[in-house]
Amino acid sequence: MLLKKMLRDMKNHKTQFISIFLMAFLGVFVYSGIGGEWYGLYKTSSGYYEDTNLADVWIYGNNFSKEDAASVSRVAGVRQVQRRLSLDAVADFDNSPSIKLHIIEDNSVSKFLPVSGENFSSASDGIWLDDLFARAKHLKSGDSITLSVLGKKLQKKILGTILSPEYVFATGANDIVPNHNNFGFAYLSAAALPKGINIPFTDLLVKTDSLSAPSLESSIDNALKGRYSVYLNRDDFLSYSMFSDEIQQHKAMGSVFPAVFLSIALLTILTTMTRLVNSQRTQLGTLKALGFRNKAILFHYIAYGFWLSLAGTVLGVILGPLALPRLFYGAMKTTYTLPEWKPAIPPEIFIMALLTVLMCCLTTYLACRSNLKDTPSQALRPKAPKEMKQRARDYTPVWTRLGFNLQWNLRDMARNKVRSVMAVAGALGCSALLVCAFGMQDSLDDVVQWQYKDLNRFSTKLSLAENISRDTLDSVLSQTDGEALMEGAVEIKANGRRKPGELLVTDKVSLIKYTDPGRNYMELPSDMISISYKMSRLLGVKQGDTVSWHVYGQEKWITGKIGAVYRSPVSQGITLTREMYEKLGFSFAPTAVVTNRQIDTLPTGAESIWSDRDLTESYETMTEAMSIMVYVLILAAAILAIVVLYNLGVLSFTERLRELATLKVMGFQSGKIRRLLLTQNIWLSITGVIFGIPCGKWLIDFMLSFMGDSFDMMCRLTVLNVVVSSVITCLLSIAVSFLFTGKIKRIDMVSSLKGVE
């Protein structure tokens, strides 16, 4: 009997119950969808790293002997050490693509993964080539490839195409985003080189028992007696850190949705079940009179929330990982390389689903328990209306001048606080998500203006050939009316922290500007180093403090005072002038030329041309997946507002039938009554928007905190952003209100006014 009653109630109040189902479904759907996306990336990459035995530490130097490798292997905590020689090569194609050539003795640490062809053999005389590069150049196993390396031609048969865990994210020296037509990697057995050649191994790949052992670096330093230039753990290795940061960004965004939707779902259930139980007071009394125990009646009403939330969560858990991850994987494949792309369901999803069902049941229980305290005779009588006492405000001159519209709405909101709070919460959630979505997009777009318009004033950037002669450089500068600069990689340490960063050495460059942490233009000192704001925070230093740094490939450490802290959105490191760089004993070797002219023909000595538009498009490619997530956020905010506000409208209209019928009897036209209801909806929506704006800003700051060490984006909460978010929220509220216009005209006056009797 109770089951039939529940089904009949769900049919009669289908709009309210559908909204409960949708809130539970959307919260779990988005959480499981984005959770399945980032967890799939995490599981796939973790399995990939484990299967290929990815190194935990990379040590770079000039010539590591077998004794050096043996010394490191004896360090406590070290499990495995492999030597490797890494060389920069150029493949014999029209565009002269760069190849990172690794010469190895065995394939045991950071093993490459064969895609086609043969597995690695130290005795094989051939090359294993990057699979994506091979596809871009239409190469396959069995073909030959010619490389220029160390001034010599090296022609080898391609024994297989491969993927490498060290190249999940990889770009050439002249690219900002991966371009497999311009850059690739390859592996060659040391035995394939002519006998008698002494191979100066430049890398030590180390596997450890614990990545966080604080004494490990010190112990390895003692074992090598300081004869190395760079020490990198996984968190500082570019490919690993970039992909790890991407996963964290998606995880952060995915955690925003369920909190908002679950909160609104609980409010929806509380409001719906409270009104349903109140409207069925007579039925509840009849059930008691027929002998149904309080526990049976309570479980009956809890079942409403249980089955609806259970259906929503189960459907969300199933459909989320099937639908949402594929929205992101397409964009991410242009930036990252994995052996497979598939979603996975994290354990947290089941906890989230269980929590959703339990919270819905608890909310239903709280809504029902008060009515179960009455005796059958009390429950069979209508519940006495709330007593409205005259307040001091009712006698003030201000109150008497407000007019009927304002007085009626103020009294109505005071009498129905839960309904009012729910309307505010719905508008708050909608506006907060919209502000967050538009603000995130504005913050991503702001980088384009900040980096490529405000800071970089050049129209074209030319990448120079390695070891370019002075005469050729002067020719390039003369032809382009350009300015030379040197870019490189450095390692910086301070306060016991060590971070990799970028080095920029300028030679009277006027086409690159700098801003302070507040985004005001500033000049950098010529006699001290300048450090980026994000790097200074990572190292815990400020202007006037001292840091040590060294150029990758060189063991010489330099200690200097920070003369200025500048802010850059996409490049973190240090900047020096040419005079200071040479004063420290280094040789200025320009790597690029910037110019205000549009260059279409590649001059002799330059390897590539980047226009300002090319640079902008490269950045947009990197942030495409984040932009897709922003669109999902906007759609979710709109659905949230429509479902909540419509549900609220239905409940409010049903609850007010007697009052609205009374107003019609008193002579109020339908249009006047509609304006009464619309006025209150607008008030509550505006209140929600006022609180939603700071909540949206907090969400933006929260998400930007997961952008990784390379990015230093600022929250851009523009006036237009706030206005558009507010207008959309209010328009949705108004649109939902107008859906009930026809119902006001069709009110059954007899049943509404005589129903209680």
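The numbers here are math on the coordinates, done by the rules we state, and not lab data. These figures come from a predicted structure and were not determined experimentally. Note that each Cβ is placed from the backbone with ideal geometry, even for glycine, and that neighbours are counted across all protein chains shown.
In what sequence do V149, V30, V317 fall when counting other Cβ within 10 Å, fewest first? Each step should come with its number before you reach the end.
Values: V149 15, V30 25, V317 22.
Going from least to most buried by this count: V149, V317, V30.
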- Note on the structure: Within segment 464-492, the residues whose backbone N lies under 12 Å from a label point placed 7 Å from the Cα of S510 along the Cα-to-Cβ direction are 482-483
- Message: Please compute the modelled spin-label separation between K66 and N12, points set 7 Å along Cα→Cβ, answer in nm with one decimal.
- Response: 8.9
- Task: Would you mind ranking L699, L678, L717, L193 so that the residue whose beta carbon has the fewest other beta carbons within 10 Å leads the list?
- Result: L193, L678, L717, L699
- Please give the contour-minus-distance gain from N294 to V418: 0.36 nm per residue of separation, less the Cα-Cα distance, rounded to one decimal in nm. 42.1 nm
- Query: At a Förster radius of 51 Å, what calculated FRET efficiency corresponds to the Cβ-Cβ distance of S108 and R519, to the nearest 0.05?
  - Reply: 0.55
- Item | Inter-probe distance in nm under a simple model that places probes 7 Å from Cα toward Cβ, at A589 and R537 | 3.4
- Distance from the Cα centre of segment 601-622 to that of segment 1-50, in angstrom? 45
- Note on the structure: Quick calc, S478 & I351: beta-carbon distance into FRET formula, R0 56 Å, rounding 0.05, result 0.25
- Message: Just the number: Rg to Rh for segment 460-597, Cα atoms, Kirkwood Rh, two decimals.
- Response: 0.97
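If each residue of separation counts as 0.36 nm, what is the full-extension length gain between S469 and S627 once their alpha-carbon separation is subtracted?
Numbers: separation 158, 0.36 × 158 = 56.88 nm, distance 4.33 nm.
Going from the current span to full extension adds 52.6 nm.
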- Message: With the crude spin-label approximation of a point 7 Å out along Cα→Cβ, what separation in nm comes out for Q155 versus L372?
- Response: 8.7
- Counting only residues 5 or more places away or on other chains, whose amide H sits under 5 Å from the amide H of S608 once H atoms are built in the peptide plane? S463
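What length, rounded to one decimal in nm, is gained on full extension from I734 through to Q80, with 0.36 nm per residue of separation minus their alpha-carbon distance?
Numbers: separation 654, 0.36 × 654 = 235.44 nm, distance 6.69 nm.
Between I734 and Q80, full extension yields an extra 228.8 nm.
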- Task: Give the calculated FRET efficiency between R326 and N95 to the nearest 0.05, with a Förster radius of 35 Å applied to their Cβ-Cβ distance.
- Result: 0.60
- Message: Under the rule of at least 5 residues apart or a separate chain, name every residue whose amide H is placed under 5 Å from the amide H of T208.
- Response: D56, R79
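In square nanometres and to one decimal, what's the mean projected area of the convex hull around the Cα atoms of segment 80-119?
On the way: hull surface 15.4 nm².
Approximately 3.9 nm², given one-decimal rounding.
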- Taking neighbour counts of Cβ atoms within 10 Å as a proxy for exposure, in what order, fewest first, do V115, V736, V593 appear? V115, V736, V593
